[in-house]
Amino acid sequence: MVELDKEASEDEQRLEPTPVVLIEGFGTGARGEATFQGIDDLLNQGKPTAAPARRMLVVKCGSFSSLWDRAMEIYYALKGGRVDYGEAHSRKYQHGRYGRNHEHGLYENWSEDYPLHFIAHSFGGPTVFHLQQMLGTILPGHSSMMKSISCISSPLRGTPMSTITGQMEGGGQQRFSIGWVLSGAIHLAHSTNLIGKGLYDIGADQWLGDETGPHSALRQVANYLDGKALAFSPDSGTQNMLIEAMEAANADTALCESTYYRTYATSAEIPRLLPPLAWLANKLATFDGYPDDDPAWRENDWIVPLKSQYHPKNCQDTVCLHLPPDVEEPPAIPGVWHVVRYHQVSHFGLFDYLWKLRTMSPDALFFWTSHGDWLREIDTISTMTMQEPVKADAERVVISGGRESSPSLSSAASSEEAD
């Protein structure tokens with residue numbers, strides 16, 4: 001990594017570091033600002049003494065919503081305005097066109113000139129990556145509005161968890177499956193206002209609306225029983241996380257030459273003392289529908305296969321750098337997936353939603369502080385306009401996707417991360 005001077009220059013003292021946007025994963029509904037308050041202190045721990053602190057913006061998007069809907073929600077939360085899911089999309093999937101109104105965006109200047117860093121956990125990873133694909137095509141802007149994308153334990157190529165819990169191809173849950181029971185309970189609890197948004201907010205206003213009262217509750221119950229609900233739609237997170245569906249969604253995606261990509265891939269032994277998670281981890285390990293026979297598909301973090309966490313496509317179809325353990329990391333390279341492995345770390349080991357209730361693990365502490373160092377490295381490289389020299393350094397690091405690699409590092413990485 002680039003060595004960073006702890007003494008800030010005059011420019012560094014005046015300029016605010018690029019803010020970082022935090023995106024939660026599937027099923028989360030707590031108030032993110034309160035849950036993750038203090039994480040920004042860890043990201044700023046190694047900053048130069050006189051330099052300003054980096055801001056952290058926590059964006060709430062639909063807990064169970066689709067990639068499209070969640071991407072739209074992130075965009076409008078940052079830029080401001082009422083969420084518009086699009087006329088054609090809303091008509092196709094039979095839900096409301098408009099979502100929540102953000103009178104003031106969290107970062108209204110978001111643009112090519114004022115890009116943002118993104119850190120996403122679990123389903124937040126593919127959400128952010130697909131938001132980038134929509135910038136300049138579906139949404140105003142350009143893919144370079146994302147200075148970096150960092151994915152933690154993310155199902156970038158899907159996960160059998162959707163299939164195992166009852167999701168059917170094309171939309172809907174198998175009757176009496178785990179997914180069918182849970183989705184029904186959550187939908188009915190929210191539509192009847194048994195669970196207030198202040199306690200658990202699933203953020204599905206396009207499906208549930210913002211009305212309250214007995215008439216709205218009865219209508220929502222009737223819609224659910226009639227199959228007109230998020231749980232039964234192909235426009236849902238559980239549908240998108242099917243391996244076949246995610247592979248199709250990734251087919252036409254591309255990397256941005258100015259964006260720095262990083263994934264943190266986790267795996268852990270089957271948790272014998274936690275029967276539900278042990279059952280799920282075993283199911284992932286023995287699943288019969290993976291795209292190939294690579295053992296990395298069967299290794300998992302109890303929720304997502306290891307290979308799915310690397311990047312959205314096979315190594316031969318993208319540009320990636322699998323960082324070998326115990327080897328000094330080279331300078332960050334834009335337009336390349338940097339893959340970092342964490343062994344014996346579960347799906348929630350780095351992104352701990354309960355960290356305020358217990359002591360953060362050493363792995364998680366190291367992750368957040370070192371990731372802060374990596375963000376500062378990127379900001380330094382960007383400020384010094386070193387993109388072309390850094391790209392030239394690709395000749396001496398291990399990269400898939402057609403670039404040359406040095407024999408010393410190639411041999412260290414090829415055995416562990418070859419597709």
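Given D294, D288, D252, which one is in contact with a helix residue (DSSP H, G or I) (Cβ under 7 Å, 6 or more places away or on another chain), at pLDDT 90 or above and open to solvent by 20 Å² or more (accessible area, probe 1.4 Å)? Full working, then the answer.
Numbers: D288 fails: in contact with a helix residue (DSSP H, G or I) (Cβ under 7 Å, 6 or more places away or on another chain); D252 fails: in contact with a helix residue (DSSP H, G or I) (Cβ under 7 Å, 6 or more places away or on another chain).
Of the residues listed, the single one that is in contact with a helix residue (DSSP H, G or I) (Cβ under 7 Å, 6 or more places away or on another chain), at pLDDT 90 or above and open to solvent by 20 Å² or more (accessible area, probe 1.4 Å) is D294.
Conditions first: (1) open to solvent by less than 30 Å² (accessible area, probe 1.4 Å); (2) part of a strand (DSSP E or B). I333 passes all but one, so which condition is the exception?
(2)
Which pairs do you get when a residue that is among the charged types (D, E, K, R) and loosely packed, with under 15 Cβ neighbours inside 10 Å, found in the range 269-285, comes within reach of a residue that is outside any loop (DSSP other than H, G, I, E, B) and modelled with pLDDT of 90 or more, reach meaning Cβ atoms under 9 angstrom, with the pair 6+ apart or on two chains?
E269/A281; R272/A278
Could you run through the range 337-360 and say how many residues are crowded, with 20+ Cβ neighbours inside 10 Å and touching a Gly at 6+ places or on another chain (Cβ under 8 Å)?
Matching residues across the range 337-360 total 2.
Inside the range 52-71, can you point out the residues that are open to solvent by 10 Å² or more (accessible area, probe 1.4 Å) and more than 15 Å from I119 (Cα to Cα)?
P52, A53, F64, L67, W68
Check D419, D393 and return the single one that is at pLDDT below 75, in contact with an Asp or Glu (Cβ under 9 Å, 6 or more places away or on another chain) and more than 24 Å from P19 (Cα to Cα).
On the way: D393 fails: in contact with an Asp or Glu (Cβ under 9 Å, 6 or more places away or on another chain).
From the options D419, D393, the qualifying one is D419.
Looking only at residues that are assigned to a loop (DSSP other than H, G, I, E, B) and in contact with a Ser or Thr (Cβ under 7 Å, 6 or more places away or on another chain) in the range 256-268, which one is most open to solvent (accessible area, probe 1.4 Å)? First the steps, then the outcome.
Within the range 256-268, the first condition is being assigned to a loop (DSSP other than H, G, I, E, B), and the residues that meet it are 256-259, 268.
Next, only the ones that are in contact with a Ser or Thr (Cβ under 7 Å, 6 or more places away or on another chain) stay: 256, 258-259, 268.
Details: C256: 14, S258: 51, T259: 0, A268: 23 Å².
Filtering the range 256-268 for residues that are assigned to a loop (DSSP other than H, G, I, E, B) and in contact with a Ser or Thr (Cβ under 7 Å, 6 or more places away or on another chain), the one most open to solvent (accessible area, probe 1.4 Å) comes out as S258.
Of all residues being touching a residue at least 40 places away in the same chain (Cβ under 8 Å), of a type outside the set (S, T, Y) and touching a helix residue (DSSP H, G or I) at 6+ places or on another chain (Cβ under 8 Å) in the range 104-123, which is most open to solvent (accessible area, probe 1.4 Å)? Just the residue, please.
Restricting to residues being touching a residue at least 40 places away in the same chain (Cβ under 8 Å), of a type outside the set (S, T, Y) and touching a helix residue (DSSP H, G or I) at 6+ places or on another chain (Cβ under 8 Å), the top hit is L106.
Is it the case that some residue within the range 42-56 is modelled with pLDDT of 90 or more, part of a strand (DSSP E or B) and touching a Phe, Trp or Tyr at 6+ places or on another chain (Cβ under 9 Å)?
Yes: the range 42-56 contains one or more residues that are modelled with pLDDT of 90 or more, part of a strand (DSSP E or B) and touching a Phe, Trp or Tyr at 6+ places or on another chain (Cβ under 9 Å).
The values are calculated or read from the model by the stated rules, or taken from the named source; none is laboratory data. Please read these numbers as outputs of a predicted model, since none were measured by experiment. Every residue, glycine among them, receives a Cβ derived from its backbone with ideal geometry; neighbour counts consider all protein chains shown. Only protein heavy atoms, including side chains, enter the accessible area calculation; ligands, DNA and RNA are left aside. Shrake-Rupley method; radii C 1.70, N 1.55, O 1.52, S 1.80 Å.
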